[in-house]
Structures are given as C-alpha cells and as structure tokens.
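K.L.:
Right, I'll just put the structure down here and ask away after.
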Amino acid sequence: MKTNRLSAWEWVERILAAVVFTAAAAGIMIVFSPWGSKTVLPPVWDYLAKIAVSLLLLILALLARKRPRLERYWQIIFALFILTVVVTLQRIFGYYMVLFMGVTDDTPAGWALPKLNESFVAISVIVILTLLSGGSLGSIYLQKGRLKLGLLIGLGVFAVFALGGIPMASLFNAKDLSLARIVPWIPWLLIHVLANGAMEEMMFRGLFLRKIQPLFGKFISIFLLAFIFTGLHLWVTYTADQRIFIAVTFPLALILGWVMQKTDSAWGSILFHAGMDIPIMLGTFSLL
C-alpha cells in the first residue's frame with residue numbers, strides 16, 4: 001500500500017528549499033530592485049552583481065533541468081532568474097528613462113506614467129521569458145480561469161476600497177481630501193493602481209505560485225509569497241501607523257494568493273490589489 005507521507009530527509013529538504021527560495025526572492029527584490037539598489041550598492045557594482053546573479057541562476061536552472069534528482073527545482077530557479085532580469089530592466093526603463101524624460105514625482109501624472117512604464121517592462125519580460133522557456137501563459141495565471149468569480153471578487157473589493165478611499169486614506173497621511181479635489185486625479189489614479197496591481201501580482205504571485213505549489217503545497221506556497229511581499233513593505237514611509245499597516249498587509253497578501261489559486265487566473269487578484277492601492281495613492285497624491 002502506497003503512502004504519501006514524507007521521510008525525515010524529504011521534510012528537511014523541503015524546509016531548506018523554502019528557506020533558500022524565500023531568502024533568494026527577497027534578496028533579489030531588496031538588493032537589486034529599482035528602489036533598493038539606489039542605496040544598497042554603487043551603480044557599477046549593482047549592474048555587475050545583477051549580471052553575475054542572472055547568469056548564475058540561468059546556469060543553475062539549466063543544470064537542474066537536466067538532472068532527474070533536481071528537475072523539480074528548475075522552474076523555480078528559472079523564475080528567480082526572470083525576477084532578476086525584471087528588476088534589472090526596471091532600473092533602466094523604469095528609473096533612468098523616466099529621469100531622462102524629465103518626469104518628476106510632484107504631480108499625479110508623474111507617479112502614474114513611471115508606474116505604467118515599470119509595469120509594461122516587468123510583465124513583458126515575464127511573459128517573453130516564460131514562453132521562451134517552454135512555459136504557457138497559464139503557468140503564470142494569465143488565462144481566463146474562473147473569470148466570473150475572479151471579476152466578482154476583484155471588482156467587488158475594488159469598489160469597496162474606491163467608495164471608502166477617502167476615510168481609509170487617513171491611514172496614509174492624507175491631507176485635505178475632498179471629492180472635488182480627487183476627481184481630476186481619477187485617470188492617473190486608475191493608471192497607477194491598475195499598473196501596480198498587475199505588476200506586483202505577476203512578480204510576487206503569478207511568476208512563482210504555480211511553480212512552488214507542487215513542492216510546498218497550496219497554503220505554504222501562498223504563505224511564503226505573502227511573507228516575502230509583506231517583508232518588503234516593512235520600511236515603507238507612506239503609512240501613518242506601520243504596525244497596523246503590516247498587520248493588515250499580511251492577511252491581505254494571503255487572500256491575494258488564495259484568490260489567484262481559487263480563480264485559476266490573475267485577473268481577480270490584480271483588481272483586488274489595485275483596489276487596495278487606492279487609499280494609499282489618495283494619501284500620496286494629497287501631499288503633492
């Protein structure tokens with residue numbers, strides 16, 4: 001009679017894999033992202049490190065793919081390679097190009113256009129490298145899935161945050177908010193939250209969730225990704241109370257992973273995430 005119970009070594013292997021994956025993904029985002037790399041490493045070393053890490057991850061992924069014992073890890077390693085390429089190109093196209101174009105962050109448009117640019121770069125890289133590796137759009141949740149359920153959840157949550165945006169924005173240092181003041185911001189607000197929601201859902205969940213589930217299971221997978229997502233928000237400065245923000249962010253991140261799993265697509269979680277960002281950006285725009 002067959003049993004699905006894991007041996008002691010298999011438990012150790014999975015725990016180590018979870019630790020290594022979490023550390024690698026968080027490290028890439030913290031050290032190499034367009035936000036962290038400005039202060040962590042000097043520009044020259046920053047790019048040399050990105051190139052070295054990208055090549056190392058690509059080599060490791062290809063080696064793992066050819067070895068039966070390690071084959072189940074190759075897609076995870078390749079996804080980390082994709083993440084490194086994404087944050088590298090974001091630094092070029094999402095930061096330096098914006099500076100070159102003379103866009104400043106003192107207007108809503110100055111926040112929305114760079115975010116749209118970053119999102120386009122990130123999602124394009126994820127899609128292209130996924131397809132080149134032999135993966136499908138479904139492997140990164142860019143598929144119809146349970147579309148009606150996804151839209152119901154996503155649009156429902158989006159509406160809740162939109163309608164409650166003004167009072168919720170008080171948690172994000174909002175100043176002198178009124179409906180009359182918000183109306184001219186709406187196009188830029190929508191561009192920003194939808195672009196950011198799409199980008200972060202693809203980078204934090206779409207890219208990894210289906211790849212790590214066979215190894216860690218559904219709940220542990222969304223837990224690990226929620227842990228990484230929340231951890232990267234520990235030092236944000238746009239919230240009036242950091243403890244409340246983190247306490248709310250982690251369960252919301254778990255729900256975002258559950259929505260993606262439940263609907264088998266990214267659309268519901270993208271709309272959900274975009275709604276979450278509305279009060280944050282209202283607070284940010286109010287201070288410009």
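K.L.:
Name the residues of region 215-233 whose amide N is less than 17 Å from a point 7 angstrom out from the Cα of TRP11 along the C-beta direction?
P.N.:
Of the residues in region 215-233, 216-217, 220 have backbone N under 17 Å from the label point off TRP11.
K.L.:
Could you grab the relative contact order for the chain? Cα pairs under 8 Å, six or more apart, rounded to a whole percent.
P.N.:
Relative contact order here is 25 percent.
K.L.:
What fraction, in whole percent, of alpha-carbon pairs in the chain exceed 30 Å separation?
P.N.:
Pairs farther apart than 30 Å: 32 percent.
K.L.:
Just in region 151-230: which trypsin sites (Lys or Arg not before Pro) are loop by DSSP and have at most 13 other Cβ atoms within 10 Å?
P.N.:
LYS175
K.L.:
Separate question: In µm²/s, what is D for region 66-225 at 20 °C and 1.002 mPa s, where D = kT/(6 pi eta Rh) by Stokes-Einstein and Rh is the Kirkwood radius from Cα pairs?
P.N.:
119
K.L.:
On to the next question. Taking R0 as 35 Å, what's the FRET efficiency between ASN173 and THR22 from their Cβ-Cβ distance, rounded to 0.05?
P.N.:
Working: r = 31 Å, r/R0 = 0.87.
Once the sixth-power term is evaluated, E becomes 0.70.
K.L.:
Could I ask something else about it? Label region 186-288 by shape, choosing from rounded, prolate and oblate, from the square roots a ≥ b ≥ c of the eigenvalues of the Cα gyration tensor; if a/c is under 1.5 it is rounded, and otherwise prolate applies when a/b is larger than b/c, oblate when it is not.
P.N.:
Oblate, because a/c is 1.5 or more while a/b does not exceed b/c.
K.L.:
Once label points are set 7 Å from the Cα along Cα→Cβ at both PHE120 and ARG181, what is their separation, rounded to one decimal in nm?
P.N.:
Placing both labels 7 Å beyond Cα along the Cβ direction yields 3.1 nm.
K.L.:
So how strong a dipole does region 186-288 carry about its Cα centre when Lys and Arg Cβ are +1 and Asp and Glu Cβ are -1, to the nearest 20 debye? Don't jump to the answer; show the numbers that get you there.
P.N.:
Details: 6 positive and 5 negative charges, 65 e Å.
In total the dipole reaches around 320 debye.
K.L.:
A further question follows. Counting only pairs 8 or more places apart or on different chains, how many lysine pairs in the chain have C-alpha atoms closer than 19 Å?
P.N.:
8
K.L.:
Oh, and also: Provide the gained length on full extension for the span VAL31 to MET101, in nm with one decimal, where the gain is 0.36 nm per separating residue minus the Cα-Cα distance.
P.N.:
Computed gain between VAL31 and MET101 is 22.7 nm.
K.L.:
Only Lys, Arg, Asp and Glu count, each charged at its Cβ (+1, +1, -1, -1), so figure out the dipole size of the chain about its Cα centre, rounded to 20 debye.
P.N.:
Here the chain has a charge dipole of around 1100 debye.
K.L.:
SER136 versus TRP235, label points 7 Å from Cα toward the beta carbon: distance in nm?
P.N.:
Distance between the two pseudo-spin positions: 4.1 nm.
K.L.:
Take LEU63 and LEU163, extend 7 Å from each Cα along the Cα→Cβ direction, and tell me the distance between the two endpoints in nm.
P.N.:
5.6
K.L.:
With angles folded into 0 to 90 degrees, how steeply does helix 267-286 sit against the dominant principal axis of the chain? Use alpha carbons for both and round to 10.
P.N.:
Compared with the principal axis, the helix lies near 40 degrees.
K.L.:
For region 9-24, what does the Karplus curve 6.51 cos²θ - 1.76 cosθ + 1.60, with θ = phi - 60°, yield as ³J(HN,Hα) per residue in whole Hz, taken in order and with x for Gly and Pro?
P.N.:
5, 5, 5, 4, 4, 5, 5, 4, 4, 5, 5, 5, 4, 4, 5, 5
K.L.:
Using a Gaussian network model of the chain whose springs link C-alpha atoms within less than 10 Å, name the residue from SER136, SER119, SER269 with the highest mean-square fluctuation.
P.N.:
SER136
K.L.:
Shifting gears a bit: Given the Cα atoms of region 41-140, and with Rh set as the inverse mean 1/r over their pairs in the Kirkwood sense, what is Rg to Rh to two decimals?
P.N.:
Rounded to two decimals, Rg/Rh equals 1.08.
All of the numbers you see were taken from the coordinates with simple rules; none came from a lab. Keep in mind that what you see is a predicted model, and the values were worked out from it rather than measured. Glycine gets a Cβ as well: all are built from the backbone with ideal geometry, and neighbour counts include every protein chain shown.
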